[in-house]
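The values are calculated or read from the model by the stated rules, or taken from the named source; none is laboratory data. From a predicted model like this one, the values you see are computed outputs, not experimental measurements. Positions of Cβ are generated from backbone atoms using ideal geometry, with glycine treated the same way; all protein chains shown enter the neighbour counts. The accessibility values were calculated without ligands, DNA or RNA, using every heavy atom of the protein model including side chains. Shrake-Rupley method; radii C 1.70, N 1.55, O 1.52, S 1.80 Å.
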Amino acid sequence: MRKLAVLALGALALGMASAQSNVIKIASVSPLSGPQSALGTAIAQGAQMAIEDAQARFQQLGFQLQFAPQDDQASPDVGVAVARRIVNDPDLLGIVGHLNSGVAIPASEIYKDTNLVMVSPANTNPRVTDRGYLNVNRICGRDDVQGPVGAEYAVRVLRKQRLFVIHDKTPYGQGLAEAFAARARELGAQVVALVGTEEASNFQPLILQMRAQRPDLVYYGGIYDKGGVLVKQMRERGITATFMGGDGLDSSDLVRIAGSAAKGVVYTTTAGPISTLPKAAEFARRYKAKFGKDPEAYAVYAFDAANVILNAIEAAIKANNGRKPTREQVARAVREVRMDGLTGRIEFDSKGDRKLSDYYVIGLKEAKYPGEVLRVIQFAPPAARQ
(Lines give C-alpha, C1' and ligand atoms only; values in the text may rest on other atoms or scores of the structure.)
Protein backbone atom coordinates (compact mmCIF):
# COMPACT_ATOMS: atom_id res chain seq x y z
CA MET A 1 0.00 0.00 0.00
CA ARG A 2 2.81 2.38 0.95
CA LYS A 3 4.52 1.74 -2.40
CA LEU A 4 1.27 2.45 -4.26
CA ALA A 5 0.80 5.66 -2.32
CA VAL A 6 4.33 6.79 -3.16
CA LEU A 7 3.74 5.99 -6.83
CA ALA A 8 0.43 7.89 -6.78
CA LEU A 9 2.10 10.92 -5.20
CA GLY A 10 4.86 10.70 -7.80
CA ALA A 11 2.35 10.59 -10.63
CA LEU A 12 0.52 13.58 -9.15
CA ALA A 13 3.79 15.49 -8.90
CA LEU A 14 4.58 14.71 -12.53
CA GLY A 15 1.13 15.90 -13.57
CA MET A 16 1.60 19.16 -11.68
CA ALA A 17 5.03 19.61 -13.17
CA SER A 18 3.61 19.13 -16.64
CA ALA A 19 0.82 21.63 -16.00
CA GLN A 20 3.38 24.16 -14.77
CA SER A 21 6.03 23.44 -17.41
CA ASN A 22 7.56 26.14 -19.55
CA VAL A 23 6.40 24.34 -22.72
CA ILE A 24 3.67 25.93 -24.82
CA LYS A 25 2.28 23.94 -27.75
CA ILE A 26 0.15 25.00 -30.67
CA ALA A 27 -1.38 22.31 -32.87
CA SER A 28 -2.62 22.36 -36.41
CA VAL A 29 -5.44 19.92 -37.17
CA SER A 30 -6.15 19.20 -40.83
CA PRO A 31 -5.98 16.31 -43.32
CA LEU A 32 -2.31 15.41 -43.75
CA SER A 33 -3.12 12.16 -45.54
CA GLY A 34 -5.77 11.11 -48.03
CA PRO A 35 -7.26 12.87 -51.06
CA GLN A 36 -7.64 16.28 -49.36
CA SER A 37 -4.09 16.43 -48.02
CA ALA A 38 -2.97 19.16 -50.45
CA LEU A 39 -5.01 21.79 -48.64
CA GLY A 40 -4.55 20.16 -45.23
CA THR A 41 -0.78 20.10 -45.55
CA ALA A 42 -0.77 23.75 -46.64
CA ILE A 43 -2.57 24.63 -43.40
CA ALA A 44 -0.01 22.75 -41.31
CA GLN A 45 2.93 24.27 -43.15
CA GLY A 46 1.59 27.82 -42.91
CA ALA A 47 1.10 27.40 -39.16
CA GLN A 48 4.55 25.84 -38.81
CA MET A 49 6.20 28.89 -40.35
CA ALA A 50 4.47 31.27 -37.93
CA ILE A 51 5.39 29.15 -34.92
CA GLU A 52 9.02 28.79 -35.96
CA ASP A 53 9.20 32.56 -36.45
CA ALA A 54 7.99 33.09 -32.87
CA GLN A 55 10.15 30.52 -31.05
CA ALA A 56 13.01 32.92 -30.23
CA ARG A 57 10.52 35.53 -29.03
CA PHE A 58 8.86 33.06 -26.69
CA GLN A 59 12.23 31.84 -25.43
CA GLN A 60 12.92 35.39 -24.26
CA LEU A 61 9.65 35.19 -22.32
CA GLY A 62 10.86 31.98 -20.67
CA PHE A 63 8.82 29.49 -22.72
CA GLN A 64 9.65 26.74 -25.17
CA LEU A 65 7.24 27.03 -28.09
CA GLN A 66 6.45 23.78 -29.90
CA PHE A 67 4.40 22.89 -32.96
CA ALA A 68 2.18 19.79 -32.90
CA PRO A 69 0.65 19.00 -36.33
CA GLN A 70 -2.27 16.55 -36.26
CA ASP A 71 -3.94 14.56 -39.06
CA ASP A 72 -7.76 14.52 -38.98
CA GLN A 73 -7.94 12.74 -42.38
CA ALA A 74 -10.92 14.98 -43.32
CA SER A 75 -13.03 12.60 -41.21
CA PRO A 76 -15.41 13.76 -38.44
CA ASP A 77 -14.76 10.57 -36.44
CA VAL A 78 -10.99 10.93 -36.69
CA GLY A 79 -11.20 14.65 -35.95
CA VAL A 80 -13.17 14.00 -32.76
CA ALA A 81 -10.70 11.28 -31.71
CA VAL A 82 -7.79 13.68 -32.27
CA ALA A 83 -9.61 16.39 -30.29
CA ARG A 84 -10.25 14.05 -27.36
CA ARG A 85 -6.59 13.12 -27.27
CA ILE A 86 -5.03 16.55 -27.57
CA VAL A 87 -7.25 18.34 -25.03
CA ASN A 88 -5.56 16.15 -22.41
CA ASP A 89 -2.18 17.78 -23.06
CA PRO A 90 -2.02 20.68 -20.56
CA ASP A 91 0.75 22.39 -22.53
CA LEU A 92 -1.47 22.75 -25.61
CA LEU A 93 -2.95 26.26 -25.71
CA GLY A 94 -4.24 26.69 -29.27
CA ILE A 95 -5.50 25.00 -32.44
CA VAL A 96 -5.01 26.16 -36.03
CA GLY A 97 -7.66 24.33 -38.02
CA HIS A 98 -9.61 22.61 -39.33
CA LEU A 99 -9.99 22.43 -43.14
CA ASN A 100 -13.45 20.81 -43.22
CA SER A 101 -16.40 22.36 -41.41
CA GLY A 102 -17.88 18.89 -41.00
CA VAL A 103 -14.83 17.98 -38.92
CA ALA A 104 -14.46 21.30 -37.12
CA ILE A 105 -18.01 21.40 -35.78
CA PRO A 106 -17.92 18.13 -33.77
CA ALA A 107 -14.24 18.52 -32.82
CA SER A 108 -14.86 22.02 -31.45
CA GLU A 109 -17.52 20.60 -29.14
CA ILE A 110 -14.60 18.76 -27.48
CA TYR A 111 -12.36 21.84 -27.41
CA LYS A 112 -15.17 23.87 -25.84
CA ASP A 113 -15.21 21.73 -22.70
CA THR A 114 -11.69 22.91 -21.77
CA ASN A 115 -11.81 26.36 -23.47
CA LEU A 116 -9.07 25.27 -25.89
CA VAL A 117 -9.07 28.04 -28.46
CA MET A 118 -9.44 27.30 -32.16
CA VAL A 119 -8.71 29.81 -34.92
CA SER A 120 -9.71 28.40 -38.27
CA PRO A 121 -8.14 29.50 -41.55
CA ALA A 122 -10.67 27.62 -43.67
CA ASN A 123 -13.99 26.63 -42.01
CA THR A 124 -16.77 28.49 -43.80
CA ASN A 125 -19.99 26.83 -42.60
CA PRO A 126 -22.08 29.37 -40.61
CA ARG A 127 -22.64 26.95 -37.71
CA VAL A 128 -18.93 26.96 -36.86
CA THR A 129 -19.26 30.35 -35.17
CA ASP A 130 -23.03 30.76 -34.89
CA ARG A 131 -23.04 28.52 -31.80
CA GLY A 132 -21.43 31.44 -29.97
CA TYR A 133 -18.60 29.53 -28.29
CA LEU A 134 -15.91 31.70 -26.70
CA ASN A 135 -13.11 29.48 -27.97
CA VAL A 136 -14.16 29.16 -31.65
CA ASN A 137 -13.01 31.72 -34.24
CA ARG A 138 -12.18 31.97 -37.92
CA ILE A 139 -10.30 34.40 -40.13
CA CYS A 140 -11.98 33.31 -43.39
CA GLY A 141 -15.44 34.19 -44.66
CA ARG A 142 -18.74 32.31 -44.41
CA ASP A 143 -20.75 30.20 -46.83
CA ASP A 144 -23.93 32.19 -46.28
CA VAL A 145 -22.02 35.04 -47.94
CA GLN A 146 -19.81 33.01 -50.29
CA GLY A 147 -22.76 31.14 -51.81
CA PRO A 148 -24.68 34.33 -52.69
CA VAL A 149 -21.47 35.93 -54.05
CA GLY A 150 -21.20 32.98 -56.45
CA ALA A 151 -24.87 33.21 -57.40
CA GLU A 152 -24.59 36.93 -58.13
CA TYR A 153 -21.67 36.27 -60.45
CA ALA A 154 -23.32 33.30 -62.14
CA VAL A 155 -26.63 35.06 -62.83
CA ARG A 156 -25.72 38.72 -63.23
CA VAL A 157 -22.26 38.49 -64.81
CA LEU A 158 -22.22 35.12 -66.60
CA ARG A 159 -25.99 35.46 -67.29
CA LYS A 160 -26.74 31.83 -66.55
CA GLN A 161 -30.38 30.93 -66.02
CA ARG A 162 -30.65 27.13 -65.78
CA LEU A 163 -28.61 25.96 -62.82
CA PHE A 164 -27.93 22.36 -61.83
CA VAL A 165 -26.73 22.39 -58.21
CA ILE A 166 -24.90 19.46 -56.58
CA HIS A 167 -23.40 19.06 -53.12
CA ASP A 168 -21.36 16.38 -51.36
CA LYS A 169 -23.73 15.99 -48.36
CA THR A 170 -21.20 17.49 -45.93
CA PRO A 171 -22.09 20.51 -43.76
CA TYR A 172 -19.70 22.58 -45.88
CA GLY A 173 -20.85 21.43 -49.30
CA GLN A 174 -24.57 21.32 -48.59
CA GLY A 175 -24.62 24.66 -46.79
CA LEU A 176 -22.70 26.35 -49.59
CA ALA A 177 -24.83 24.84 -52.36
CA GLU A 178 -28.10 25.71 -50.65
CA ALA A 179 -26.98 29.30 -50.07
CA PHE A 180 -25.99 29.55 -53.74
CA ALA A 181 -29.31 28.10 -54.92
CA ALA A 182 -31.41 30.33 -52.65
CA ARG A 183 -29.79 33.53 -53.89
CA ALA A 184 -29.90 32.37 -57.52
CA ARG A 185 -33.67 31.87 -57.21
CA GLU A 186 -34.04 35.34 -55.71
CA LEU A 187 -32.22 36.71 -58.77
CA GLY A 188 -34.71 34.99 -61.09
CA ALA A 189 -32.66 32.00 -62.20
CA GLN A 190 -34.16 28.52 -62.40
CA VAL A 191 -32.55 25.86 -60.23
CA VAL A 192 -33.41 22.80 -62.30
CA ALA A 193 -31.90 20.40 -59.73
CA LEU A 194 -30.53 20.53 -56.19
CA VAL A 195 -29.10 17.12 -55.35
CA GLY A 196 -26.67 15.65 -52.86
CA THR A 197 -24.29 12.78 -53.55
CA GLU A 198 -21.44 11.06 -51.76
CA GLU A 199 -20.19 9.64 -55.05
CA ALA A 200 -16.47 10.01 -55.63
CA SER A 201 -15.72 8.20 -58.90
CA ASN A 202 -18.77 7.53 -61.10
CA PHE A 203 -21.01 10.53 -61.81
CA GLN A 204 -22.80 8.97 -64.78
CA PRO A 205 -26.27 9.04 -63.14
CA LEU A 206 -25.93 12.77 -62.45
CA ILE A 207 -24.64 13.40 -65.96
CA LEU A 208 -27.72 11.64 -67.36
CA GLN A 209 -29.85 14.04 -65.30
CA MET A 210 -27.87 16.96 -66.73
CA ARG A 211 -28.60 15.77 -70.26
CA ALA A 212 -32.31 15.78 -69.46
CA GLN A 213 -32.32 19.16 -67.69
CA ARG A 214 -29.97 21.00 -70.10
CA PRO A 215 -28.40 23.38 -67.57
CA ASP A 216 -26.16 26.22 -68.69
CA LEU A 217 -24.24 26.07 -65.39
CA VAL A 218 -23.43 23.23 -62.99
CA TYR A 219 -22.58 24.28 -59.44
CA TYR A 220 -20.72 21.91 -57.11
CA GLY A 221 -20.58 22.37 -53.35
CA GLY A 222 -17.71 20.13 -52.33
CA ILE A 223 -13.95 19.55 -52.45
CA TYR A 224 -11.59 19.35 -55.43
CA ASP A 225 -10.91 15.62 -55.06
CA LYS A 226 -14.47 14.84 -56.19
CA GLY A 227 -15.15 18.05 -58.11
CA GLY A 228 -12.20 17.39 -60.41
CA VAL A 229 -13.53 13.93 -61.25
CA LEU A 230 -17.04 15.33 -61.83
CA VAL A 231 -16.02 18.05 -64.30
CA LYS A 232 -13.70 15.66 -66.14
CA GLN A 233 -16.50 13.13 -66.63
CA MET A 234 -18.91 15.90 -67.66
CA ARG A 235 -16.59 17.05 -70.42
CA GLU A 236 -15.86 13.49 -71.55
CA ARG A 237 -19.61 12.97 -71.98
CA GLY A 238 -20.24 16.19 -73.85
CA ILE A 239 -21.69 18.37 -71.08
CA THR A 240 -20.45 21.88 -71.90
CA ALA A 241 -22.23 23.83 -69.15
CA THR A 242 -20.04 26.18 -67.13
CA PHE A 243 -18.68 24.41 -64.04
CA MET A 244 -18.64 26.46 -60.87
CA GLY A 245 -18.07 25.84 -57.17
CA GLY A 246 -16.74 27.26 -53.93
CA ASP A 247 -13.42 27.41 -52.16
CA GLY A 248 -13.28 23.61 -51.92
CA LEU A 249 -12.13 23.72 -55.57
CA ASP A 250 -9.26 26.10 -54.77
CA SER A 251 -6.30 23.74 -55.16
CA SER A 252 -3.70 22.87 -57.76
CA ASP A 253 -4.91 19.29 -57.37
CA LEU A 254 -8.14 20.28 -59.13
CA VAL A 255 -6.11 20.79 -62.29
CA ARG A 256 -4.08 17.63 -61.68
CA ILE A 257 -7.27 15.56 -61.38
CA ALA A 258 -9.41 17.25 -64.05
CA GLY A 259 -6.65 17.81 -66.59
CA SER A 260 -7.78 19.86 -69.59
CA ALA A 261 -11.36 19.82 -68.25
CA ALA A 262 -10.26 22.36 -65.64
CA LYS A 263 -10.19 25.02 -68.37
CA GLY A 264 -13.13 27.36 -67.86
CA VAL A 265 -13.86 26.38 -64.24
CA VAL A 266 -15.03 29.28 -62.08
CA TYR A 267 -15.01 29.23 -58.29
CA THR A 268 -15.40 31.51 -55.34
CA THR A 269 -12.99 31.42 -52.44
CA THR A 270 -12.48 33.11 -49.10
CA ALA A 271 -8.70 32.71 -49.45
CA GLY A 272 -7.11 35.39 -51.57
CA PRO A 273 -4.44 34.28 -54.02
CA ILE A 274 -0.95 35.43 -53.04
CA SER A 275 -1.01 37.85 -56.00
CA THR A 276 -3.82 39.80 -54.30
CA LEU A 277 -2.02 40.01 -50.94
CA PRO A 278 0.96 42.38 -51.31
CA LYS A 279 2.24 41.72 -47.79
CA ALA A 280 2.36 37.96 -48.48
CA ALA A 281 4.98 38.04 -51.24
CA GLU A 282 7.86 37.43 -48.82
CA PHE A 283 5.87 34.65 -47.12
CA ALA A 284 5.42 32.95 -50.50
CA ARG A 285 9.14 33.19 -51.23
CA ARG A 286 10.07 31.73 -47.84
CA TYR A 287 7.41 29.02 -48.15
CA LYS A 288 8.74 27.84 -51.50
CA ALA A 289 12.33 27.89 -50.24
CA LYS A 290 11.35 25.81 -47.21
CA PHE A 291 8.91 23.33 -48.71
CA GLY A 292 9.90 23.30 -52.38
CA LYS A 293 6.50 24.36 -53.70
CA ASP A 294 4.22 27.35 -53.94
CA PRO A 295 1.72 27.83 -51.09
CA GLU A 296 -1.73 26.39 -51.69
CA ALA A 297 -4.94 28.15 -50.68
CA TYR A 298 -5.22 28.73 -46.92
CA ALA A 299 -1.46 28.42 -46.24
CA VAL A 300 -1.15 32.16 -45.65
CA TYR A 301 -4.45 32.14 -43.73
CA ALA A 302 -3.03 29.43 -41.47
CA PHE A 303 0.05 31.62 -40.96
CA ASP A 304 -2.21 34.47 -39.86
CA ALA A 305 -4.38 32.17 -37.72
CA ALA A 306 -1.31 30.93 -35.88
CA ASN A 307 -0.13 34.50 -35.34
CA VAL A 308 -3.52 35.43 -33.87
CA ILE A 309 -3.03 32.68 -31.29
CA LEU A 310 0.59 33.63 -30.67
CA ASN A 311 -0.29 37.30 -30.15
CA ALA A 312 -3.07 36.29 -27.77
CA ILE A 313 -0.78 34.02 -25.75
CA GLU A 314 1.84 36.76 -25.48
CA ALA A 315 -0.79 39.23 -24.27
CA ALA A 316 -2.10 36.68 -21.77
CA ILE A 317 1.44 36.02 -20.45
CA LYS A 318 1.94 39.74 -19.95
CA ALA A 319 -1.43 40.12 -18.21
CA ASN A 320 -0.53 37.10 -16.05
CA ASN A 321 2.70 38.73 -14.80
CA GLY A 322 4.90 36.47 -16.92
CA ARG A 323 3.24 33.23 -15.90
CA LYS A 324 1.83 30.66 -18.27
CA PRO A 325 -1.81 31.53 -19.02
CA THR A 326 -4.80 29.25 -18.79
CA ARG A 327 -6.72 28.16 -21.86
CA GLU A 328 -9.62 30.42 -20.94
CA GLN A 329 -7.26 33.40 -20.63
CA VAL A 330 -5.91 32.65 -24.11
CA ALA A 331 -9.42 32.23 -25.56
CA ARG A 332 -10.46 35.61 -24.16
CA ALA A 333 -7.26 37.22 -25.41
CA VAL A 334 -7.89 35.93 -28.95
CA ARG A 335 -11.17 37.87 -29.08
CA GLU A 336 -9.24 41.02 -28.20
CA VAL A 337 -6.62 40.63 -30.94
CA ARG A 338 -6.27 43.55 -33.32
CA MET A 339 -3.61 42.87 -35.92
CA ASP A 340 -2.65 43.61 -39.49
CA GLY A 341 -1.97 40.16 -40.90
CA LEU A 342 -0.73 39.11 -44.31
CA THR A 343 -4.39 38.68 -45.28
CA GLY A 344 -5.38 42.14 -44.04
CA ARG A 345 -6.85 43.58 -40.86
CA ILE A 346 -7.99 40.94 -38.37
CA GLU A 347 -10.52 41.72 -35.67
CA PHE A 348 -13.29 39.47 -34.34
CA ASP A 349 -16.94 40.09 -33.61
CA SER A 350 -18.80 38.63 -30.64
CA LYS A 351 -19.24 35.26 -32.41
CA GLY A 352 -15.59 34.85 -33.45
CA ASP A 353 -16.13 35.87 -37.08
CA ARG A 354 -13.71 38.24 -38.74
CA LYS A 355 -15.34 41.68 -38.86
CA LEU A 356 -14.60 42.06 -42.56
CA SER A 357 -13.75 39.23 -44.97
CA ASP A 358 -12.81 39.24 -48.63
CA TYR A 359 -14.56 36.98 -51.14
CA TYR A 360 -12.92 36.23 -54.47
CA VAL A 361 -14.23 34.98 -57.82
CA ILE A 362 -11.52 33.04 -59.67
CA GLY A 363 -11.56 31.83 -63.27
CA LEU A 364 -9.30 29.20 -64.83
CA LYS A 365 -8.98 30.50 -68.38
CA GLU A 366 -6.52 27.69 -69.01
CA ALA A 367 -6.02 24.39 -67.19
CA LYS A 368 -3.45 26.04 -64.94
CA TYR A 369 -3.38 26.97 -61.27
CA PRO A 370 -3.70 29.59 -59.89
CA GLY A 371 -6.40 31.18 -61.97
CA GLU A 372 -7.29 34.78 -62.68
CA VAL A 373 -9.03 36.96 -60.09
CA LEU A 374 -12.27 38.10 -61.70
CA ARG A 375 -13.79 39.94 -58.75
CA VAL A 376 -13.05 40.79 -55.11
CA ILE A 377 -15.85 41.76 -52.74
CA GLN A 378 -15.58 42.57 -49.02
CA PHE A 379 -18.43 41.78 -46.64
CA ALA A 380 -19.11 41.87 -42.92
CA PRO A 381 -20.54 38.65 -41.43
CA PRO A 382 -24.27 38.45 -40.66
CA ALA A 383 -25.17 39.82 -37.26
CA ALA A 384 -25.57 37.41 -34.35
CA ARG A 385 -29.09 36.04 -34.03
CA GLN A 386 -30.90 37.24 -30.96
*Set the Förster distance to 22 Å, then compute FRET efficiency between residue 288 and residue 66 from the Cβ-Cβ distance, nearest 0.05.*
0.35
_Per-residue HN-Hα couplings for the stretch 332-345 [Karplus 6.51, -1.76, 1.60; θ = phi - 60°; Hz; x = Gly/Pro]_ = 5, 5, 4, 5, 9, 5, 10, 8, 9, x, 5, 9, x, 5
_Förster-model FRET efficiency, 41 Å R0, residue 375 and residue 319, C-beta, rounded to 0.05_ = 0.45
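At a Förster distance of 41 Å, what's the computed FRET efficiency of residue 55 paired with residue 236, Cβ-Cβ distance as r, to 0.05?
On the way: r = 50 Å, r/R0 = 1.22.
The value I calculate is 0.25.
So if I place +1 on the C-beta of Lys and Arg and -1 on the C-beta of Asp and Glu, and nothing else carries charge, what would the dipole magnitude of the chain be about its Cα centre? I want it in debye, nearest 20. Present the calculation step by step, with values, prior to reporting the outcome.
Values: 47 positive and 38 negative charges, 32 e Å.
Once rounded to the nearest 20, the dipole reads 160 debye.
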*Extension gain residue 356-residue 81, at 0.36 nm per residue separation less the Cα-Cα distance, in nm?*
95.7 nm
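Report, to the nearest whole %, how much of the accessible area of the chain belongs to carbon and sulfur atoms, 1.4 Å probe, protein only.
Values: 8090 of 15960 Å².
On the chain, the fraction of accessible area on carbon and sulfur atoms equals 51 percent.
What accessible area per residue, rounded to a whole number of Å², is obtained for the chain using a probe radius of 1.4 Å? All intermediate terms of the calculation are to be shown ahead of the outcome.
Details: 15960 Å² over 386 residues.
Per-residue accessible area for the chain comes out at 41 Å².
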*Calculate the spin-label point distance for residue 89 paired with residue 279, positioning each point 7 Å from the Cα along the beta-carbon direction, and give it in nanometres.*
2.9
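Suppose the chain between residue 182 and residue 256 were pulled fully straight at 0.36 nm per residue; how much longer would it get relative to their current alpha carbon spacing?
Values: separation 74, 0.36 × 74 = 26.64 nm, distance 3.15 nm.
In short, 23.5 nm is gained.
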*Degrees, to the nearest 10: 224-236 long Cα axis against longest axis of the chain*: 10
*Taking springs between alpha-carbon atoms closer than 10 angstrom, which of 321, 22, 137 fluctuates most in the Gaussian network model of the chain?*
321
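What does the charge count around residue 310 come to, taking other residues whose C-beta lies under 9 Å from its C-beta (Lys +1, Arg +1, Asp -1, Glu -1)? Provide the component values of the computation, followed by the final result.
On the way: positive: 57; negative: 53, 314.
Here the count lands on -1.
Please get the size of the charge dipole for the stretch 219-305, origin at its Cα centre, with Cβ charges of +1 on Lys and Arg and -1 on Asp and Glu, quoted in debye to the nearest 20. Display every interim value, and only then the final one.
Details: 12 positive and 9 negative charges, 58 e Å.
Here the size comes out at about 280 debye.
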*Helix 299-319 axis, angle to the chain major axis (alpha carbon atoms, nearest 10°)*: 30
*For residue 120, list long-range residues whose amide hydrogen, built 1.01 Å from N in the peptide plane, is under 5 Å from its own amide hydrogen.*
97, 137, 138, 139
*asked:* Can you tell me which lysines have their Cα less than 21 Å from the Cα of residue 355? Leave out same-chain residues fewer than eight positions away.
replied: 279
*By average C-beta atoms within 10 angstrom, highest first, the peptides 213-221, 270-278*: 213-221, 270-278
*asked:* Give me the dipole magnitude in Debye, nearest 20, for the stretch 204-358 about the Cα centre, with unit charges on the beta carbon: positive for Lys and Arg, negative for Asp and Glu.
replied: 260
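For the chain, what does -39500 (n - 2.57) per DSSP helix run (n ≥ 4), summed and divided by total residues, give at 222 nm, in deg cm²/dmol to the nearest 500?
Values: 13 runs with 166 residues, N = 386.
So the calculated ellipticity at 222 nm is -13500 deg cm²/dmol.
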*Can you list the HN-Hα couplings for the stretch 367-378, worked out from phi with the Karplus curve (6.51, -1.76, 1.60; θ = phi - 60°), rounded to whole Hz and with x for Gly and Pro?*
7, 9, 10, x, x, 9, 6, 9, 6, 10, 10, 10
_Looking at the chain as a GNM with Cα springs under 10 Å, which of 138, 286, 183 has the largest mean-square fluctuation?_
286
*Taking K and R as +1 and D and E as -1, what net charge do the other residues with C-beta under 12 Å from the C-beta of residue 168 add up to?*
-1
